[in-house]
Amino acid sequence: MTHTTSHISEDFNLGSLRLANRLVQAPMAGISGRAFRLQARRFGAGLVSTEMISSYGVHFGDRRTVDMLDVRDAEHPVAVQLFGNQPELMAEAALAAERAGADIIDINMGCPVRKVVKTGAGVALMEDEPLAARVTAAVAGAVRVPVTVKIRSGARARATAASLAPRLAAAGAAAVSIHPRTGAQGYRGRADHTLTRQLAAALPVPVIASGDIAAPALAEQLLDAGCAAVMVGQAALGNPWIFADLLAGAEPHRRPLDAVLAEMGRFNHDLTGEVGEERAGRAMRKFYGWYLRPFKPDARLRDQLRRAAGFAAAEPLIRAALGDGPRG
Ligand SMILES: Cc1cc2nc3c(=O)[nH]c(=O)nc-3n(C[C@H](O)[C@H](O)[C@H](O)COP(=O)(O)O)c2cc1C
């Protein structure tokens, strides 16, 4: 369905920052490195986001972590997402991220992964509201750029977002992103956007909706309900065209194999520039499945691609298996 009054391509203010539209690329660990962010920008996302970056890693000067702060001109505006639970360390890391070029500092209060939660960071912060507010205030006090916080419904079964979010806004958050599943839920079940709509109505700052957004109808419903923007994560895996489709109010649809391979090649090129040939070759293996899903690759091709050294080796295999005209 195409909407006559589409909000998604309208600009808006997030704190002191003007964003060109209401479509945000979601932070994804192991995915939203520079190549992924550049791609999301090319396809129209108004704001892109790094994967979560450890404030401890920044503090201790861990090389891989510090490399993650490297943002390029073509990415802006870019949010750098940090995790940690110590206000001073988070403030220090935020300052480093701002110096590295972050347009927004985003605080992770949603990660349910054990190794993060057991340090008191990620979604564990939602269990300690005074500390969550202190972390937010410390970061907001340390940098000039807007500070946002990404939360879930709650850490465990109970939804606590409605009580926490106003405290975060009072502590200096310029916007709150909500992925309305609990930490205990992980990624199972559907995102319950009833909560998103409640927050959008109640909070004095912009609310960004995250979860299961893959078509214009839900995006527009959430914007109509008062959300400032929508965030797209998993729907963009292997389908960067989703950003352009959503901005145009169009249903997502598959592209021809030639276009998909050309885009994979471009992404591989940027990824190689980012992490080097060997790591890019390994990382591309997880992307093949996502990009080729609409073409229903058989077990033989999937197996060949698992062993392909790099995209230069993978491309002819893909063409040989799928290139004989339309399928499926
Ligand atoms: C592989 C993967 C990694 C993720 N990493 C992060 C992260 O680093 N920080 C974060 O705030 N959320 C992270 N998320 C959550 C997403 O940002 C998003 O809120 C969630 O996937 C729901 O949106 P979606 O249905 O559009 O994917 C991750 C999700 C996935 C699937």
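The values are calculated or read from the model by the stated rules, or taken from the named source; none is laboratory data. Computed from a prediction, not measured in an experiment: that's the story for all the values here. All Cβ positions, glycine included, derive from the backbone under ideal geometry; neighbour counts span all protein chains shown.
What are the residues in the range 272-328 that are closer than 19 Å to Pro240 by Cα and among the basic types (Lys, Arg), if any?
Of everything in the range 272-328, those that are closer than 19 Å to Pro240 by Cα and among the basic types (Lys, Arg) turn out to be Arg285, Lys286, Arg293, Lys296.
Listed here are the residues, each with its yes/no results for (1) within 16 Å of the ligand (Cβ to nearest atom); (2) closer than 30 Å to Val207 by Cα; (3) touching an Asp or Glu at 6+ places or on another chain (Cβ under 7 Å); (4) in contact (Cβ under 8 Å) with a residue 24 or more places away in the chain.
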residue	(1), (2), (3), (4)
Asn239	yes, yes, no, yes
Asp258	no, no, no, no
Arg279	no, no, no, no
Lys286	yes, no, no, no
Gln304	no, no, no, no
Ala308	no, no, no, yes
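Would you list the strands (runs of 3 or more DSSP E) that sit entirely within the range 138-225 and hold 1 or more residues that are touching a helix residue (DSSP H, G or I) at 6+ places or on another chain (Cβ under 7 Å), farther than 30 Å from Gly101 by Cα and not aliphatic (A, V, I, L, M)?
By residue number, 147-154.
For residues that are at pLDDT 95 or above and either more than 14 Å from the ligand (Cβ to nearest atom) or not assigned by TED's automatic domain parsing to the domain that holds Pro206 (or both), tally how many sit in the range 174-187.
Number satisfying all stated conditions: 1.
Would you confirm whether any residue within the range 101-117 is away from the ligand (no atom under 16 Å from the Cβ) and within 21 Å of the chain's Cα centre (by Cα)?
Yes, the conditions are met somewhere in the range 101-117.
Specify the residue that is nearest to the ligand (Cβ to nearest atom); the eligible residues are those in the range 118-135 that are farther than 20 Å from Gly15 by Cβ, among the aliphatic types (A, V, I, L, M) and in contact with a Lys or Arg (Cβ under 9 Å, 6 or more places away or on another chain).
Looking at residues that are farther than 20 Å from Gly15 by Cβ, among the aliphatic types (A, V, I, L, M) and in contact with a Lys or Arg (Cβ under 9 Å, 6 or more places away or on another chain), I get Val123.
With the requirement that a residue be surrounded by fewer than 18 Cβ atoms within 10 Å (Cβ to Cβ) and not hydroxyl-bearing (Ser, Thr, Tyr), what does the range 174-188 give you?
Ala184, Gly186, Arg188
Return yes when Asp224 is loosely packed, with under 15 Cβ neighbours inside 10 Å, in the same structural domain as Val24 (by TED's automatic domain parsing) and at pLDDT 95 or above and no when it is not.
yes
I'd like the residue in the range 14-62 that is over 22 Å from Ala235 (Cα atoms) and either hydroxyl-bearing (Ser, Thr, Tyr) or touching a residue at least 60 places away in the same chain (Cβ under 8 Å) (or both) and, out of all such residues, is farthest from the ligand (Cβ to nearest atom).
Among those residues, the one meeting the criterion is Ser16.
I want to confirm something. Restricting to the range 150-173 and keeping residues that are hydroxyl-bearing (Ser, Thr, Tyr) and surrounded by fewer than 24 Cβ atoms within 10 Å (Cβ to Cβ), which single residue is farthest from the ligand (Cβ to nearest atom)?
Checking each candidate, the answer is Ser163.
Please identify the pairs in which a residue from the range 212-226 that is over 18 Å from Pro252 (Cα atoms) and more than 14 Å from the ligand (Cβ to nearest atom) has its Cβ atom under 8 Å from the Cβ atom of a residue that is aliphatic (A, V, I, L, M) and assigned to a loop (DSSP other than H, G, I, E, B), counting only partners at least 6 apart or on another chain.
If the second residue must be aliphatic (A, V, I, L, M) and assigned to a loop (DSSP other than H, G, I, E, B), the pairs left are Leu223/Ile8.
Look through the range 69-100, keep the residues that are in contact with a strand residue (DSSP E or B) (Cβ under 8 Å, 6 or more places away or on another chain) and free of Cβ contacts under 8 Å to residues at least 40 places away in the same chain, and return whichever of them is farthest from the ligand (Cβ to nearest atom).
Of everything passing the filter in the range 69-100, Ala100 is farthest from the ligand (Cβ to nearest atom).
Among (1) in contact with a Pro (Cβ under 9 Å, 6 or more places away or on another chain); (2) closer than 17 Å to Asn239 by Cβ; (3) in a helix (DSSP H, G or I), there is one condition Glu251 misses while meeting the rest; what is its number?
Unmet condition: (3).
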